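What follows draws every value from the coordinates through simple rules; no lab data is involved. Worth saying up front: this structure is predicted, and the values here are computed from it rather than measured. Positions of Cβ are generated from backbone atoms using ideal geometry, with glycine treated the same way; all protein chains shown enter the neighbour counts.
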Amino acid sequence: MSAFVITVDFILKPGAMAAFRKLIDKNARDSCADEPGCQRFDVLAPTEPGDRVFLYEIYDDRAAFDAHLKTPHFDVFNRESAALVISKTVAQYNLACEGSHGL
């Protein structure tokens, strides 16, 4: 398997979590439902209260991720969430080993 993985670590402005989660949760659901090349889109929130959200996304390949960036639902998320975010760190990976139980 040679899937393309993206992680994004968001630091949010204080008090922005609820609004941000509404936007990112919709983006994640729409990505999985509407993009054949999107294999997984997980939204992770910290176990302790905080202003951080971490994304783990798997795409068939780089082209599928590039297509994701051109979707209307990503455009809405990106535009409407910008004012809620202090910083974001994006990293790209190739999936080297999948250790899943088929969840």
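Out of all the residues in segment 5-31, which are of a type in the set (V, I, T) and either farther than 14 Å from S81 by Cα or touching a Leu at 6+ places or on another chain (Cβ under 8 Å) (or both)? Answer for segment 5-31, where residues must be of a type in the set (V, I, T) and either farther than 14 Å from S81 by Cα or touching a Leu at 6+ places or on another chain (Cβ under 8 Å) (or both): V5, I6, T7, V8, I24.
Scanning segment 51-103 for residues that are in contact with a strand residue (DSSP E or B) (Cβ under 8 Å, 6 or more places away or on another chain), part of a helix (DSSP H, G or I) and not aromatic (F, W, Y) returns R62, A64, H68, L84. Residues in segment 35-50 that are touching a strand residue (DSSP E or B) at 6+ places or on another chain (Cβ under 7 Å) and either in a helix (DSSP H, G or I) or closer than 18 Å to I11 by Cα (or both): D42, V43, L44, A45, P46. Return the residue satisfying two criteria in turn: it lies in segment 44-66 and is of a type in the set (A, V, I, L, M) and crowded, with 17+ Cβ neighbours inside 10 Å, and of such residues it is nearest to the chain's Cα centre (by Cα). Looking at the filtered set, the residue picked out is L55.
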